[in-house]
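What follows is a set of notes on a single structure, which appears directly below.
The values are calculated or read from the model by the stated rules, or taken from the named source; none is laboratory data. All values derive from a computational prediction rather than experimental measurement. Virtual Cβ from ideal backbone geometry, glycine too; neighbours counted across all protein chains shown. Remember, those area values only see protein heavy atoms, side chains included, never the ligands or the DNA or RNA. Shrake-Rupley method; radii C 1.70, N 1.55, O 1.52, S 1.80 Å.
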Amino acid sequence: MTALRQSAIEELEKVPEDKLAVIIQFIHKVTKNDEAGKKVWNLDQFVMAPTERGQNADAYVRELRNNDRL
């Protein structure tokens, strides 16, 4: 057992019984967040399908500029 773990156990032994539930909830949150950080995310779900206007954006902007000059 590492010194840090031993120190944590000693501190837990000092905690009153009525506060242990809160500490256990905190420990569960910390371990859950750690597992979520290792999760692989599918970034394709955030990509929007291209629209016709988006594919032809340069031509669309040129058309707008040309219409402004008339």
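Numbers for the structure displayed
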item: Where Asp18 falls short, out of the listed (1) of a type outside the set (Gly, Ala, Ser); (2) surrounded by 10 or more Cβ atoms within 10 Å (Cβ to Cβ); (3) modelled with pLDDT of 85 or more; result: (2)
item: Enumeration of residues in the range 1-15 that are open to solvent by 80 Å² or more (accessible area, probe 1.4 Å) and either in contact with a Ser or Thr (Cβ under 7 Å, 6 or more places away or on another chain) or part of a helix (DSSP H, G or I) (or both); result: Ala3, Leu4, Arg5, Glu10, Glu11, Glu13, Lys14
